[in-house]
Structure formats: structure tokens, C-alpha cells
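Everything below concerns the one structure shown next.
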Amino acid sequence: MALRYLRARRQEGFISVIALFSFLGIGLGVATLIIVMSVMNGFRADLLDRILGMNGHYEVKAPENGLLVDYEPLVERLSAVRDVVRVTPLIEGQVMATAGKQASGALVRAMSPDQLEKLSLLSDNIVVGSLKGFNDGKEIILGHRFARTLGVSVGDKVKLLSPKGNSTAFGTFPRVKSYRVAGLFNTGMYEYDSGYIFMPLSAAQTYFRHGKGVTSLEVFATDPDRALAIRADIINAINIRAYIYDWQQSRASFFNALEVERNVMFLILTLIILVAAFNIISSLIMLVKDKGRDVAILRTMGATRGMIMRVFFIAGASVGVVGTMFGFALGLGFCANIDEIKNLIEGLTGSELFSAEIYFLSHLPAKVDPAEVTTVVIMALVISLAATIYPSWRAARLDPVEALRYE
């Protein structure tokens, strides 16, 4: 009987149209919520993997932009800390890279060749050339986007200019040296691929005139969560004056902004489901009013108020349940094929939907969280079922005498 009430007849077509829009509203609301939350999760996870794949979970720096000299004992103490997998001595410095008539600023990161090979995000993503010959101090590794900006490839020469130059009687002149490009990497993160240069640690010490010192030590733990748990051990292992930053402190504003945006998007998209739930209420109220005579006849034939309430409750709940299941399937299907759908839309519109320059990543990630999807589905079902209670109660409270009198 409940399903028959939802089927359109000529005089009741408008009610069925409202029910159809309620179904579509709930379905699209659930699907949109699942898609957006999955993309936000994937975006955060991908960025976290790439940021922590290139940078350590802890960074130990000398105070006041100084150098860490005689750092080997410190490396040994940090390596002995539980859950620490490696400690990388590092030199960082800003340079101007030139090739031909092209010039661009870059960040030099220098480390020993064996540590560079352990940096899987880079060593596993060499797209042109190789790490062979990297140890001779005359070769560097560039991001593929940066190489495209300079117009160079493997084997070409790149000239590096350091602002901390040589002091002479005529003033300070920039320090200039040419290096051969040994390889190009593609990490999939725009920041790294368009502005990073890697060189051997010994070559950087000579170029930047740091002697045997380094600018920082990067500490890698087994995973980001374990890294935060061993902060006290890291601090105890460092018995010199130094600054210590964990990965959350280094990128705190960035990840906090992502979390705030994720929560706000969840609240905004939940309103879509609430609007669809109000459509269910309005369609059921109209259905109760339209079926007043039928309800009165059923009551005179012995139907109880509970039976009447169940009929309209099932009618409204069926729209919410089927709409939620439709949205659940649509959302998961969209997430599973999100890159193909993005490429299709870009091909049809001729525009770029996901620019690497803006979003840092070269593809659109989606990570479905089962617990989160379950929460969305349960929330949609609860809202849909709650929307049917008042109209069903109104139908059950309908007075048969009054209903038949006005008919």
C-alpha cells in the first residue's frame, strides 16, 4: 500500500514528482559528500606522503642560521633512538640557476649519495638519466619541470649563482659554478619538480664554503605518528644547542587549513541532505492530505493508528533508503574512476580542472575511508527516517469523521 501511494496517478502526479526530487536530492547529497570527503582524504594523504617522503619527520638545525660542525656523534645518538630508521646530514641553500638565456631561483638540497638512494620518493622517480656519477661532485639532479623551465636535459650544463659570494676589494661577487645534469626526477608534487636541485654533500660544502659542517640533520622515523611519540627521546639525544622541529610544526598552518576546510565542506554538504529531507516532509504532508479519504475509510474498516502510521512511514522511508543506497553506489563508483572522469571532462571542455601549480599534485587523489562512508550513510538514513515521523503521525491522528465530512 505504501509503495502504491508513491506511484503516480494523473491526479497525484505532482506528489510523485516531489518524491522523485527528494530521492535525487538525497542520492546526490550522499554521493557528493562521499566524493568530496574522499578527495579531501586523498589530497591530505598524498601531500603527507610526498612532503614526508622528501623531508624528515624531525629537523635539527643549528641556532641563528649557523652550522652543525662535528655532527657525527649527534648522528650516532639520534640513530640509536627507538623507531628512528635513519638520520641524514643536509645542506640547504638558495641559488639562481641559469642555462642559456633562461634563469630561475631554486633550492639546493645536498646529501650523500647513499642517503639520496634511500630517499625513495626521489630515487624511484628518476625519469631521465640516473644517479650514476652523482658522487663525483660535478653533477646535479633536477626536477623535470625545472629542467623544462631552463630548457635543459641530461648532459647539459647548468650554472648556479649563490648570493653569498666572494668578498674582494671591489665588493662582493656572487659565487658561480657550472654543474652537469645527471638526471631528472618526477615526484608528482609541483613544488619539488619545479624548484629543487640535488647535489652531493661534499660538493655543496665546497660550493657554499661550509667546510665540514651541515645546515641541518633530518631524522626519519618508522611512520609520522611514531615520530611524534618519540619527541622526548629525540630531545634527550641532542645535548647541544639546536632548534628542533617536527613535521607538524613545520607544516602546521598548511595541515590545519586542510582540516578546517574538510570540516566546513562536511557541514555544507550535509545541508544538501537536509534540504532533500524537507522535500520528503512536504511530499508526505501533501500525500496525507490527498489520501485523507482513503485513511478515513481504512480507519472505519478497523485499521489502527499504528497501521496508518506505518504505511506513511514506509512510504517516506523508502524514498530515503533507496536514495541513500543510490548515492552510496554513485559516490563509490565516482571515486573509483575519478581520474578517468576528470580527463573526460577536461577533454570535453578543453580546460584544466586540476592544475598542479595550484594544488601541488599532478593528479586528482581519492581515498575512501570506510568509517567515514559508514557515518555518511547512517547520517543520511537517520535524517530521512526522522523526516517521515511527523507526516506519519499526522496521518495516524486524522479523524475519520472529519475527513469523510469534507470529502
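The values are calculated or read from the model by the stated rules, or taken from the named source; none is laboratory data. Remember, predicted model here, so these are calculated numbers, not experimental data. Here Cβ is always computed from backbone atoms with ideal geometry, including for glycine, and neighbour counts include all displayed protein chains.
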Does Leu332 meet the test of being on the phi < 0 side of the Ramachandran plot and touching a residue at least 40 places away in the same chain (Cβ under 8 Å)? yes
Looking across region 67-106 at residues that are of a type in the set (A, V, I, L, M, F, W, C) and farther than 23 Å from Ala227 by Cα, the single one that is nearest to the chain's Cα centre (by Cα) is Ala106
Return yes or no: is Val85 more than 14 Å from Phe198 (Cα to Cα) and assigned to a loop (DSSP other than H, G, I, E, B)? no
The one condition in (1) buried (at least 18 other Cβ atoms within 10 Å of the Cβ); (2) closer than 20 Å to Val382 by Cα; (3) of a type outside the set (A, V, I, L, M) that Gly42 fails to fulfil: (2)
For region 68-82, how many residues are in contact with a strand residue (DSSP E or B) (Cβ under 7 Å, 6 or more places away or on another chain) and not in a helix (DSSP H, G or I)? 2
Restricting region 241-269 to residues that are among the β-branched types (Val, Ile, Thr) and out of contact with any helix residue (DSSP H, G or I) (no Cβ under 7 Å at 6 or more places or on another chain), the one nearest to Pro73 (Cα to Cα) turns out to be Val260
Could you tell me whether Gly29 is within 25 Å of the chain's Cα centre (by Cα), surrounded by 20 or more Cβ atoms within 10 Å (Cβ to Cβ) and either of a type in the set (A, V, I, L, M) or within 23 Å of Arg251 (Cα to Cα) (or both)? no
Yes/no for Leu364 being surrounded by 16 or more Cβ atoms within 10 Å (Cβ to Cβ), modelled with pLDDT under 80, closer than 30 Å to Phe254 by Cβ and under 28 Å from the mean Cα position of the chain (by Cα): yes
So, of the residues in region 326-348 that are of a type in the set (A, V, I, L, M) and under 17 Å from Asn41 (Cα atoms), which turns out to be surrounded by the most Cβ atoms within 10 Å (Cβ to Cβ)? Ile338
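Yes or no, residue by residue, for (1) out of contact with any His (no Cβ under 6 Å at 6 or more places or on another chain); (2) within 16 Å of Ala242 (Cβ to Cβ); (3) not small (Gly, Ala, Ser):
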residue: Leu74; (1), (2), (3): yes, yes, yes
residue: Glu92; (1), (2), (3): yes, yes, yes
residue: Gln102; (1), (2), (3): yes, no, yes
residue: Gly129; (1), (2), (3): yes, no, no
Looking at region 132-146, is at least one residue part of a loop (DSSP other than H, G, I, E, B) and surrounded by 18 or more Cβ atoms within 10 Å (Cβ to Cβ)? no
Under the condition of being assigned to a loop (DSSP other than H, G, I, E, B) and β-branched (Val, Ile, Thr), which residue from region 147-165 is surrounded by the most Cβ atoms within 10 Å (Cβ to Cβ)? Val152
Can you work out which of the residues in region 380-407 that are part of a helix (DSSP H, G or I) and out of contact with any helix residue (DSSP H, G or I) (no Cβ under 7 Å at 6 or more places or on another chain) is modelled with the lowest pLDDT? Tyr406
